[in-house]
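Heads up, the thing below is written out as structure tokens.
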Amino acid sequence: MVLPEILRGIAPAHFLKRLLLPATLLTTLLAILFAAGPAHAASGTGEYAIKGAGNADCSAYMQARRDGGEVYGQFSGWLMGYVSAYNQVIPETYDVAPWQERDLLMALVENYCVNNGATRYSSAVLGLLSVIRPLRLANKSEPVSASHNGETVTAQREVMRQLQRRLQQDGLYSSTIDGLYGPGTRAAIINFQQRAGLPPTGIPDQVTLYRALMPTS
């Protein structure tokens with residue numbers, strides 16, 4: 001799925017500041033994690049080998065993001081490979097990023113890297129995954145298709161349950177927390193989107209899920 005039009009052409013840091021997790025909060029969370037050092041190490045001295053694009057620093061990533069092309073693709077591929085490896089080795093983690101797609105993850109990394117050019121890219125990625133880990137899926141969940149007005153997205157059923165709980169907390173949803181996409185869930189999503197100043201698509205798109213599920217404190 002391509003990010004909605006509202007995200008295109010907007011600098012990630014600006015986009016995140018307006019619509020998603022406040023940039024200062026994300027930066028603070030990541031800084032705390034970086035100060036703690038690597039969460040997982042292969043050797044007794046706390047060292048491990050970093051391969052490929054992960055060895056570059058944030059300033060190199062920022063330059064590659066501006067230039068686009070093959071080098072940026074290497075950073076993108078490294079991040080998605082790291083996510084897959086993280087899912088494999090971290091306990092109780094089926095998917096650490098069950099709804100956060102590649103472009104959104106890359107924008108979040110940029111949001112930190114823009115002011116931390118000397119930080120290693122691998123550290124920025126690890127810090128981000130540590131921040132979003134509470135939103136992970138611990139177990140595999142079946143996909144749910146959500147369609148409205150010609151637009152369709154697919155979300156994991158457990159993610160839909162999380163969204164329904166949030167909508168219920170906001171007083172927008174009063175039906176069963178079943179993770180299914182029906183008229184009640186669609187109406188609640190539309191109400192949430194209108195309150196948040198988002199396009200009322202009625203579907204759980206990237207921006208809506210981020211605004212609803214990402215912690216803000």
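So the values come out like this:
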{"quantity": "Pairs where the first residue, in segment 57-75, is free of Cβ contacts under 8 Å to residues at least 24 places away in the same chain and the second is assigned to a helix (DSSP H, G or I) and crowded, with 18+ Cβ neighbours inside 10 Å, C-beta under 6 Å, 6+ apart", "calculated": "Ala64/Phe75; Val71/Ala64; Tyr72/Ala64; Tyr72/Arg65; Gln74/Ala53"}
{"quantity": "Within segment 37-63, considering residues that are among the aliphatic types (A, V, I, L, M) and within 28 Å of Arg211 (Cα to Cα), the one modelled with the highest pLDDT", "calculated": "Met62"}
{"quantity": "Residue in segment 168-181 that is in contact with an Asp or Glu (Cβ under 9 Å, 6 or more places away or on another chain) and under 24 Å from Pro134 (Cβ atoms) present", "calculated": "yes"}
{"quantity": "Pairs with Cβ under 8 Å, 6+ apart, first in segment 195-211 and at positive phi, second assigned to a helix (DSSP H, G or I) and not β-branched (Val, Ile, Thr)", "calculated": "Gly202/Arg186; Gly202/Ala187; Gly202/Gln193"}
{"quantity": "Within segment 44-83, considering residues that are surrounded by fewer than 13 Cβ atoms within 10 Å (Cβ to Cβ) and hydroxyl-bearing (Ser, Thr, Tyr), the one farthest from Ala155 (Cα to Cα)", "calculated": "Thr45"}
{"quantity": "Of all residues making up segment 194-216, the number that are within 19 Å of Glu151 (Cβ to Cβ) and not in a helix (DSSP H, G or I)", "calculated": "9"}
{"quantity": "Among residues of segment 149-185, those that are within 30 Å of Thr93 (Cβ to Cβ), more than 20 Å from the chain's Cα centre (by Cα) and part of a helix (DSSP H, G or I), counted", "calculated": "3"}
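The values are calculated or read from the model by the stated rules, or taken from the named source; none is laboratory data. From a predicted model like this one, the values you see are computed outputs, not experimental measurements. Note that each Cβ is placed from the backbone with ideal geometry, even for glycine, and that neighbours are counted across all protein chains shown.
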